[in-house]
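Worksheet: one structure, shown below.
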Amino acid sequence: TKFELLQEVRTEAGQDEWAPFAGKDEWELAMWLMKNVGQKSADEFLKLPITRNRTNLSFHNNYMFLKKVDALPTGPDWECKIVKTTGDRRGEDGKMMEEEMELWFRNPIDCVKELIGNCYVLLTQVCESTVKTLDT
């Protein structure tokens, strides 16, 4: 699978499972920053003296942080289609107004294939399902 191939390439390159981040702690900080903090605030946080002096991160500003994020493996390609929609108002000519909009999406079949090929995701889902079953 694509996931196994990626793991093999990382192992051959001497990278661990947290690459491109320095380890689990840095990975968890990166996840928190992406979920909870905007780019400007992330940059301010990463430039704070306490962050720089006590955390020993492999990135020291938002630019370097996002370069690491961009180095992460990606899923199926995004596609864009232009969709013409008709509104609920009439234009000066008396016709219903129309607008062209971008519709961004991923092929759902490719997404499912990606998830099935990712052993970690499958294991996580099985474990979460088991815990939920045991809790009930």
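The values are calculated or read from the model by the stated rules, or taken from the named source; none is laboratory data. As the structure is a computational prediction, the values presented were derived from the model and not from experiment. With ideal geometry, Cβ positions are generated from the backbone for all residues, glycine too; neighbour counts draw on all protein chains shown. Quick note on the areas: whole protein, heavy atoms, side chains included, nothing else; ligands and nucleic acids left out. Shrake-Rupley method; radii C 1.70, N 1.55, O 1.52, S 1.80 Å.
Figures for the structure shown
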quantity	calculated
Per-residue SASA entry for Glu102, accessible area with 1.4 Å probe, Å² rounded to 10	120
Nearest-10 value in Å² for the accessible area of Ile82, using the 1.4 Å probe	110
Approximate spin-label separation Leu6-Trp78, in nm, with each point projected 7 Å along Cα-to-Cβ	1.7
Order of exposure, largest accessible area first, which applies to Val112, Val37, Val83 with probe 1.4 Å	Val112, Val83, Val37
Proximal lysines relative to Lys113, as straight alpha-carbon distance under 19 Å, when same-chain residues fewer than 8 apart are discounted	Lys2
Cleavage-rule hits, trypsin sites (Lys or Arg not before Pro), segment 4-98, DSSP coil, Cβ neighbours within 10 Å at most 10	Lys95
